[in-house]
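One structure below.
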Amino acid sequence: MSTLPILLQRDTRAWQFQVWISFGIAVFLCAVGLAWLPGAQLEQAFMVMGYVFCLSAAFVLAKFVRDNEGSKRRPGSNGGSTGSGDTPLWKLVVWGGFAVAMGLTGWGLLGMEINVTYKAFMGVSWLYLITTAFTLAKMLRDRHEADLIEARMQGRREASTPQSATSGNNAT
């Protein structure tokens, strides 16, 4: 029996480096902008919370979408049909949380009485942070899935090779 070789695609080190550097730059830009954010301390605190909320919601949303895409490709445990194990309420929580985080942070940023140029800097760095968070989440998930596939292939190769005659149970 002949089997076709499985082509396992992985991200290059250069791509992984670029993703981590981009995410680091986005975090740095947001941190600098938030550290020198003019205004009342309460407004500054709320903006920091908004940025952290958005970042967390972006990672949760990326995982949720990826999990649901994966479950559509695999048969489910409910009679062989496809679909996710997530409930509609969880979908609402994930998408709603992301929408609320983005909406409230954007509203807070637009409502602050600061220089328009500073608002633009904060807005662009915030959106850059969110996009790099999605890219980082995808890259990490891709690497994890490739590692799992590689481990399964290695296990199958080891299971298909005959055991050696010196298995330790030799009687003399």
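Among the residues of segment 36-57, those identified as of a type in the set (A, V, I, L, M, F, W, C) and either under 17 Å from residue 132 (Cβ atoms) or in a helix (DSSP H, G or I) (or both) are 42, 45, 46, 47, 48, 49, 52, 53, 54, 55, 57.
Report whether or not residue 70 is at pLDDT below 95 and outside any loop (DSSP other than H, G, I, E, B). Yes. Looking only at segment 18-44, residues that are exposed (fewer than 12 other Cβ atoms within 10 Å of the Cβ) and over 16 Å from the mean Cα position of the chain (by Cα) come to 6 in all.
Taking segment 1-24 as the range and being in a helix (DSSP H, G or I), closer than 28 Å to residue 94 by Cβ and either of a type in the set (Lys, Arg) or touching a residue at least 24 places away in the same chain (Cβ under 8 Å) (or both) as the test, the residues that pass are 15, 16, 19, 20, 22, 23.
Among the residues making up segment 47-64, those that are more than 19 Å from residue 141 (Cα to Cα) and surrounded by 17 or more Cβ atoms within 10 Å (Cβ to Cβ) are 47, 50, 51, 53, 54.
Let's see how each residue does on (1) out of contact with any Ser or Thr (no Cβ under 8 Å at 6 or more places or on another chain); (2) at pLDDT 90 or above; (3) surrounded by 11 or more Cβ atoms within 10 Å (Cβ to Cβ); (4) of a type outside the set (Ser, Thr, Tyr):
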residue	(1), (2), (3), (4)
130	yes, yes, yes, yes
135	no, yes, yes, no
141	yes, yes, yes, yes
159	yes, no, no, yes
166	yes, no, no, no
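Listed conditions (1) surrounded by 13 or more Cβ atoms within 10 Å (Cβ to Cβ); (2) at pLDDT 95 or above are all met by residue 107, apart from (1). Looking at segment 134-148, can you tell me whether even one residue there is under 13 Å from residue 8 (Cβ atoms), part of a helix (DSSP H, G or I) and of a type in the set (Lys, Arg)? Checking segment 134-148: at least one residue is under 13 Å from residue 8 (Cβ atoms), part of a helix (DSSP H, G or I) and of a type in the set (Lys, Arg).
The values are calculated or read from the model by the stated rules, or taken from the named source; none is laboratory data. All of these numbers come straight from a predicted model, not from anything done at the bench. All Cβ positions, glycine included, derive from the backbone under ideal geometry; neighbour counts span all protein chains shown.
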